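No lab work stands behind these numbers, since they all come straight from the coordinates. Since we're looking at a predicted model, the values are computed, not measured. Neighbour counts run over all protein chains shown; Cβ positions are idealised from the backbone, glycine included.
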Amino acid sequence: MTETTLATPKAPPGTIPGLRGIAADWASDQRAFKNVSWGKAMMWIFLLSDTFIFSCFLLSYMTARMSTTVPWPNPSEVFALNIGGKHIPLILIAIMTFILISSSGTMAMAVNFGYRRDRVKTAALMLATAAFGATFVGMQAFEWTKLIMEGVRPWGNPWGAAQFGSCFFMITGFHGTHVTIGVIFLIAIARKVWRGDFDVERRGFFTSRKGYYEIVEIMGLYWHFVDLVWVFIFAFFYLW
Amino acid sequence: MVDIPFDEVAGVPPAEVGEVELYHPHSWWTRYVFSQDAKVIAVQYSITAMSIGMVALVLSWMMRLQLGFPGTFSFIDANQYLQFITMHGMIMVIYLLTALFLGGFGNYLIPLMVGARDMVFPYVNMLSYWVYLLAVLVLAATFFVPGGPTGAGWTLYPPQAILSGTPGQDWGIVLMLASLILFIIGFTMGGLNYVVTVLQARTRGMTLMRMPLTVWGIFTATVMALLAFPALFVASVMLLLDRLLGTSFFMPTLVEMGQLTKYGGGSPILFQHLFWFFGHPEVYIVALPAFGIISDLISTHARKNIFGYRMMVWAIVAIGALSFVVWAHHMYVSGMHPYFGFFFATTTLIIAIPTAIKVYNWVLTLWRGDIHLTVPMLFALGFIITFVNGGLTGLFLGNVVVDVPLSDTMFVVAHFHMVMGIAPIMAVFGGIYHWYPKVTGRMLNDALGHFHFWVTFIGAYAVFFPMHYLGLLGMPRRYHDIGETAFVPASAHDLNAFMSVAALIVGFAQIVFLFNLVWSLVKGKEAGGNPWRATSLEWQTPETPPGHGNWGKELPVVYRWAYDYSVPGAARDFIPQNEPPARVAAQGAHP
C-alpha cells in the first residue's frame, strides 16, 4: 500500500511557496536576477527604455495617419520597383527585411561560438552580421535616394499627406541610425574577439575593465532588438 | 574569488560574485574632474544643478518684480517675462530637481546605502555627468543668442512654440530642444547605472526589503524616468523637425502674421499627449526621491522605526505605476472627449490612496517618537505640511468640473509650486543638511540652518498661500500685466506686491544657505562618522568622507533593516545595519 502514496516534491530548504516565494526571490540578497551579469541587465533595461522611444514614434505616426484629411500615399505603390520589366510592389523592402532577419541568424550563431571560445568563427560571424547590417543601411540609402528623386520631402510629397514623408524619414532614419551604431559596435567587438582580448582579459581602452565573451551576447541582444523593431516598422508603415 | 562562508547565525548567504576591480585614478584630473567615482560625480551634479538653479531663482525674482509692481521695471517687457517663466520652469523641473535628486543624491547615496563600492559602470556614469553639463551649457547659451531664450512656457506647446509671435523663435527654441535631447541622453546613461546598481550590486544581506526608503524612492523614480523621458525625447525630436525642416507633425494649417504658413495637417494635441506622458511621471520623478529622503530623515531624527515599512515600499511602487495612467488630467481643457476626462479623473484620484498611506505613516512614525528638532527634521516636517497642502489642492484640479474654471489661473501655479516646487525643495534642503556631514566631514552651521528653514518655510507660504486666492478670483497665469480688469479687485494688486516682497526675502535666504555650504566646508564643526547616530550603511563607512571604494578592505555585511531605532533591550538607541546579532545580544545582556 505504501507505493500508492505519491511522494510530494520537497522544496529545497529555505524556500517559501506561492506568491510570497516569488516576491522573496525578487527581493533576495545581493541580486534580483541571479544569473544575470551587470552588463546584460543594463542592456535589457536600456532596450526597455528604447522600446518606449520607438513606441512613441510609431504611435505618433499612427495618429498622424489616422487623423489626416488628405489621402495617405499607398506604400505598396510607392515602394514598388520595376525589375526586368515587371512591376513588383514592396520588393526592395522585402529584400531588406530578409537581409536583416538573416543577420539575426548569423548573430545568434556568433553568440553560440563565442561561448565555445571559438575566436575565428565568432569574429567571422559577427563580421557577416555587420555586413548584412551595412547592406541593409545601403539599401535604405538607395530607397531614400529613390524617394527623394521622386519628389518626396519631409515637408511634402506628390501623392498626398505631407506626414507620409515626415514619418518615413524620421522613423526609418532613427532605425537606420540604430543599425549603423550596431554595425560599428559589431566591427569593434569582432576586432576584440579576433585579437583574443577576451582570452587574455585585456583591458578596455576607455573603461579599463576586463572584457568577457559575454559582450558578444549583449551585442546580440541589441542586434535582435533592432531587428524586432524593424518587423514592427515593416508591419505598421509598409504593410498597413 | 574569495571563499566567503554562509553566516549561520544571521542567515546571511555568501557572496554570489567576486568583487569587480575598481578604476583607480592616477592624476588630479582623473580624480576630481574626469572622475569615475560616483561620490565625485554626485558632487559635480549637485554643484552644476545648484548653479543653474541660481539662474532660475533670479528669474523668479524678475517675474515677481513684474507681477508685484507692474510697469515699474522697464527692463522687463512682455517678451522677456515669457522667457523668464519658461526658463524658470524648465530649469527648476528638469535641470535642477531631476538632476539633483537622481544625479546628485542618487549617485552619492545608492552605492553607499546598498553597500557597493561604486556604480556598476563608472565610466558610463562619468559620461552621464558630462553630457548633462553640456545640456546645461546649451540651455544657458540660449540667454546669449539672438532673440534670447524661448518664451513658449515650460510645456513648449506647439503651434505657438515655434511661430514667430513667440520670443526666442530663431534660436531659443532650437537650443532648448537640443538641450532637452542631450539631457535625456545623459540621464539615460546615469539612470541605467542607478537601476542596475540597486538590482544587481547590493552587498551580502542587503535584500530589497532591507533597503532604506531613500534608495527605494530614487530607484523607482529612475525606472519611471527611463520610461517617461522617451516620450519627451520623441516630442522634442518631432518639434525640432517641425521647426527646422518644416514638417507638420504638430502644426495644423494656420495663419501667422496674416500669412498662411507652409504647415498643415499636424496635431497639436499629439504633442500634449507626448509631453504629458513624460510630464506627469516627471512630477513623481521629483516627488518619490523626496518621499524616500523624508522617510529616512523622520525615522532618524524621531529615533523611531518607520511605521509600516512594507506599505511605504508598496506605496512608492504603486504611485510609480499609477503615474503613467493619469497624464491627460493636464489636458482637460484641450477639447478631449468627456469620458476620457472621466477616466483620467478616476485614476488621478486613486493616486491619493497610496500617497495618503505615506503621509499617515510619516505622522505615525512621529507619533510618540523622540523628536529632535534638528534642521533636517524641520525641513522634513515642512515637507509634510507643504506636500499635504499641495496634495489637497490637487483634489480640486484632478476633478474635471472643478478644474475647468481653475485652468490657467494662479491657482494652478500655487498648487504645483506647493506640491512639486516647495515640497521637493524642502526634501533637497533636508537631505543636504542631513548628508552634508558625510560628504564633507563637517556639520553645517546650525544657527544659519534654522534661519534658512524658518525664512524659507514661512516665506514660501507668504508667496504661495495668497496665490490660491488670486487664482480663485480668476487671475490668469503667464500674463505679463493683468492691467485693470473688472474681476480682479484692487486689493489683489496689494497682495501681489506683498507676495513679491516675500519672494525676494525667500530668495535671499537661499543665498545664506549657499554661504553656509561654503563657510561650513572650512569652518564647520567636525562631524565624525555618524553625527546623527543613524543606522543605514552610509554612516558606517570606515572613513568620513568615504574614501575611494567606500568600504576599505571588506564590504559590509547587512544583518537587519535600516530602521532599528530605540530597540528595547539594545545598548544604544540605534543598531547599525551591519551590526552582527551576536554583538547586539551581548550588549543587551550587559547594558
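Each Cα pair of chain A feeds into the Kirkwood radius, which the Stokes-Einstein equation turns, at 4 °C and 1.567 mPa s, into a diffusion coefficient of 61 µm²/s. Of B:164, B:336, B:524, which is farthest on the positive side of the dipole of chain B, counting Cα position, with +1 on Lys and Arg Cβ, -1 on Asp and Glu Cβ, and the Cα centre as origin? Positive-end residue among those listed: B:524. Between B:582, B:97, B:345, the Cα set farthest toward the positive side of the dipole of chain B (charges on each charged residue's Cβ, about the Cα centre) is that of B:582.
In this rough spin-label picture, where each label sits 7 Å from Cα along the Cβ direction, the residue B:478-residue A:208 distance is 5.0 nm. A simple spin-label model places the labels of residue B:170 and residue B:58 2.2 nm from each other, with each point 7 Å out along Cα-to-Cβ.
Annotation for the range A:133-219: GluC sites (Glu not before Pro) lying in DSSP loop with at most 12 further Cβ atoms inside 10 Å of their Cβ are A:150, A:201.
Taking one quarter of the surface of the convex hull spanned by the alpha-carbon atoms of the protein assembly as shown gives a direction-averaged projected area of 44.1 nm². Pairs A:40/B:438; B:523/B:553; A:86/B:262; B:39/B:525: which exceed 28 Å Cα-Cα? Among A:40/B:438; B:523/B:553; A:86/B:262; B:39/B:525, the Cα-Cα distance tops 28 Å for A:40/B:438; B:523/B:553; A:86/B:262. Within chain B, the selection of entire DSSP H helices by a Cα span of 27 Å or greater along the long axis and an average Kyte-Doolittle value of at least -0.5 returns B:38-68, B:122-141, B:172-200, B:213-244, B:268-301, B:338-366, B:375-398, B:446-473, B:490-523. Ordering B:317, A:208, B:460 by Cα displacement along the dipole of the protein assembly as shown toward the positive end leaves A:208 in first place; charges were set at the Cβ atoms of Lys, Arg (+1) and Asp, Glu (-1). Both radii were evaluated on the Cα set of the range B:528-591; the Rg over Rh quotient, with Rh as the Kirkwood radius, amounts to 0.99. What Kirkwood hydrodynamic radius do you get for the range B:32-204 when you take the inverse of the mean 1/r over all pairs of distinct Cα atoms, in Å? Over the range B:32-204, the inverse of the mean reciprocal pair distance is 17.0 Å. Work out the P(r) tail for the range B:484-529: percent of alpha carbon pairs separated by more than 11 Å, whole number. Result: 74 percent of Cα pairs exceed 11 Å.
With contributions of -39500 (n - 2.57) from each DSSP H run of at least four residues, the per-residue ellipticity at 222 nm computed over chain A stands at -22000 deg cm²/dmol.
P(r) tail for the range B:217-300, what percent of Cα pairs lie past 14 Å? The proportion of pairs with Cα distances above 14 Å equals 70 percent. If only the Cβ of Lys and Arg carry +1 and only the Cβ of Asp and Glu carry -1, the dipole of the protein assembly as shown around its Cα centre is close to 1020 debye. In terms of overall dimensions, the C-alpha atoms belonging to the range B:479-562 reach 72, 33, 22 Å along their principal axes, ordered largest to smallest. Computing Rg and the Kirkwood Rh from the Cα coordinates of chain B gives a ratio, Rg/Rh, of 0.98.
For the range B:252-336, the alpha carbon positions stretch 68, 22, 18 Å along the principal axes, listed from largest to smallest. Neighbouring Cβ atoms from other chains, within 10 Å of the Cβ of residues in A:22-30, number 6 on average.
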